[in-house]
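Input: a single structure, listed below in structure tokens.
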Amino acid sequence: MIALVRMRLVAFVRGGRALPPIITALIVLGVIHGGGQSPAAPAYGYSAVMLFPVLAWQAKLLLDAEPDGQRRLARLAVGARREVAAGLLAASLVGLVFCAVAMLAPWWPFHAISAPGPGEPSLAAGLALGALAHLLAVPAAVALGAVASRAVTRTVRNGVAVLVSGAVLTIVLGLSGSVAPWLAPPVMATARALAAEELPPAGRFWLLASWTALWCAVVVGGYARLRRRRS
Amino acid sequence: MRFDQVWFRYARRAAWTLRTVSATVEPGATVVVLGRNGAGKSTLLQLAAGVLRPVRGAVHDRPPIVGWVPERFPADQPFTAQQYLTRMAALRGLPGPARVEHWIDRLGLGDHRHTRLADLSKGTAQKVGLAQALLSAPGLLVLDEPWEGLDAVARTLIPGIVAEITAAGGAVLVSDHRGEIAGLPDAIHWTVAGGAVHTTGEPQSEADEVVVEVAVRRADADDTVARLRADGHRVLGVRPAPEASPGADASSAAGEVAR
């Protein structure tokens, strides 16, 4: 499976399909952090929200980079479950690289992190919460990118529709006062928690992590089920 | 390997491509799948390989290592031929370059090893597709129109490769609409038509054959030859009709000899 992960990562980078989401992510980070300074926690919270659609898009691009025939050959070589898992793992690894860039960007080149004021979370706490926000965004974005991938949606039109709908619903259903926030991954809820004047209790973050895990389990489970028939 | 009441269609509302297919492939057997374009040959082969899953029924006892050569090799990948085969060998868990080098040499890919897949000719890409299927000795080799695009020299390699696989106890399924099956004399014939698979069950025996001479219009000769081959007949030759007999259709200008 590791060999297939490597093969897909190399194809994604060497084929040039990695460039559009990289450029888009850099533009998004520039918009977020280029306007001035703010404490670490809210800055990273917004960054995770804004990068979520880009992460989902890069996951879809990575999974779509391989021709359909090659995906079927890989399936024969490593088995159906490993083929599915290798795609998700490769997309997650690229997502983690994006997160590392997003964590570094407010320090360099943007110098966008201000010193914490009285009563605000320390810089270390802000960094840790920022990392958590991005780490929660990655699996949810990969799950959305997977169900939007060509192996499931078959056509470009359907794939774009699923990707855009999923990203928009994640934002809309995540707004305060949403009637069904649990239908979307808690990307917005995490950003709100990081932007709060007082740091929420640790239990709140465990809840957000569990919510993300459950949402991803349902969506990835659906993806794996669909992939059983759609090779 | 056994097809057990297999039904398949590509979408819920689509017509059935295959219906109630029951057939068995014994170890060491070579099965040539015949049929017209769109009859379902490639679908049947992909079901055999495990690339497609039956909508109803099941395929039982598929060997653990399956080599599949798709009809169109997916050449739109940013690898050279050697890089691609090396990575496919890694997927199969094969250590070292020995198997890759063996098939590069045997299939005459040496001059193209550093050529990008997208820049390969159709026939050379088909050889790469053949090589990836043979990296691990397959218990089942599925060849979907393997002769397509290959030059005359490369075509002669396939019967030998098929013979090696079957001699080692593997089974080979191969589709053919070009009448190349003469190189596989002991093959069992399956004909796909109307969503069903008709198995002759026995290897072709020349002793059981008769020669039927058919006269067709010159313009229809190519279509007729293709149709006869698709239906599993051996076309022995095409020649001008010797002389129109009284009362015969004057437009009958070509003679078909088929068994």
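Quick check on my filter: what residues within segment A:33-50 are in a helix (DSSP H, G or I) and open to solvent by 40 Å² or more (accessible area, probe 1.4 Å)? Write out each step before concluding.
Going through segment A:33-50, the residues in a helix (DSSP H, G or I) turn out to be A:33, A:40-50.
A:Tyr46, A:Met50 - these are the residues of segment A:33-50 that are in a helix (DSSP H, G or I) and open to solvent by 40 Å² or more (accessible area, probe 1.4 Å).
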**Prompt:** A:Ala77 fails exactly one of the following numbered conditions: (1) away from chain B (no Cβ under 14 Å); (2) among the small types (Gly, Ala, Ser); (3) farther than 18 Å from A:Pro185 by Cα; (4) more than 13 Å from the chain's Cα centre (by Cα). What is the number of that condition?
**Reply:** (1)
**Prompt:** For A:Ala189, all conditions in the list (1) free of Cβ contacts under 8 Å to residues at least 24 places away in the same chain; (2) open to solvent by 30 Å² or more (accessible area, probe 1.4 Å) hold save one; what is the number of the exception?
**Reply:** (2)
**Qualifying residue in segment A:167-182 (condition: of a type in the set (Gly, Ala, Ser), open to solvent by 10 Å² or more (accessible area, probe 1.4 Å), farther than 26 Å from A:Pro39 by Cβ and assigned to a helix (DSSP H, G or I))** = yes
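Within segment A:68-84, is there a residue that is in contact with a Pro (Cβ under 9 Å, 6 or more places away or on another chain), touching a residue at least 60 places away in the same chain (Cβ under 8 Å), of a type in the set (D, E, K, R) and open to solvent by 20 Å² or more (accessible area, probe 1.4 Å)? Step through it out loud before you land on a result.
Of all residues in segment A:68-84, those in contact with a Pro (Cβ under 9 Å, 6 or more places away or on another chain) come to A:68-73.
When the remaining residues are screened for being touching a residue at least 60 places away in the same chain (Cβ under 8 Å), the result is A:68, A:71-72.
The next check asks that each one be of a type in the set (D, E, K, R); those that pass are A:68, A:71-72.
Now restrict to residues that are open to solvent by 20 Å² or more (accessible area, probe 1.4 Å): A:68, A:72.
Yes, segment A:68-84 has at least one match.
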**Complete:** The helices (runs of 4 or more DSSP H) lying entirely within segment B:73-168 that contain at least 3 residues which are away from every other protein chain (no Cβ under 14 Å) and crowded, with 19+ Cβ neighbours inside 10 Å are B:152-167
**Request:** Give segment B:59-72 a look and list any residue that's more than 10 Å from chain A (Cβ to nearest Cβ) and either among the β-branched types (Val, Ile, Thr) or free of Cβ contacts under 8 Å to residues at least 40 places away in the same chain (or both), or say none.
**Result:** B:Val59
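If you take the residues of segment A:1-23 that are among the aliphatic types (A, V, I, L, M), assigned to a helix (DSSP H, G or I) and touching a Lys or Arg at 6+ places or on another chain (Cβ under 9 Å), which of them is farthest from the other protein chains (Cβ to nearest Cβ)?
Filtering segment A:1-23 for residues among the aliphatic types (A, V, I, L, M) gives A:1-5, A:7, A:9-11, A:13, A:18-19, A:22-23.
So of that shortlist, the ones also assigned to a helix (DSSP H, G or I) come out as A:2-5, A:7, A:9-11, A:13, A:19, A:22-23.
Now restrict to residues that are touching a Lys or Arg at 6+ places or on another chain (Cβ under 9 Å): A:3-4, A:7, A:10-11.
Details: A:Ala3: 4, A:Leu4: 6, A:Met7: 5, A:Val10: 8, A:Ala11: 6 Å.
In this case the residue turns out to be A:Val10.
I need a count of the residues in segment B:16-58 that are within 13 Å of another protein chain (Cβ to nearest Cβ) and more than 13 Å from the chain's Cα centre (by Cα). Can you show your working first?
If we filter segment B:16-58 for residues that are within 13 Å of another protein chain (Cβ to nearest Cβ), which is where we start, we get B:42-43, B:45-56.
Those left that are additionally more than 13 Å from the chain's Cα centre (by Cα): B:47, B:50-56.
So the answer is 8.
Pick from A:Gln70, A:Gln58: which is of a type in the set (S, T, N, Q), part of a helix (DSSP H, G or I) and within 14 Å of another protein chain (Cβ to nearest Cβ)?
Values: A:Gln58 fails: within 14 Å of another protein chain (Cβ to nearest Cβ).
That would be A:Gln70, the only listed residue that is of a type in the set (S, T, N, Q), part of a helix (DSSP H, G or I) and within 14 Å of another protein chain (Cβ to nearest Cβ).
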**Asked** Consider A:Val101 against the criteria (1) open to solvent by 60 Å² or more (accessible area, probe 1.4 Å); (2) farther than 23 Å from A:Val31 by Cβ: it satisfies all of them except one. Which criterion is unmet?
**Response** (2)
**Prompt:** Can you spot a residue in segment B:73-94 that is at pLDDT below 95 and either among the basic types (Lys, Arg) or not assigned by TED's automatic domain parsing to the domain that holds B:Lys127 (or both)?
**Reply:** no
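The values are calculated or read from the model by the stated rules, or taken from the named source; none is laboratory data. These numbers come from a predicted model, not from an experiment. A quick note on method: Cβ atoms are made from the backbone with ideal geometry, for glycine too, and the neighbour counts reach across all protein chains shown. The accessibility values were calculated without ligands, DNA or RNA, using every heavy atom of the protein model including side chains. Shrake-Rupley method; radii C 1.70, N 1.55, O 1.52, S 1.80 Å.
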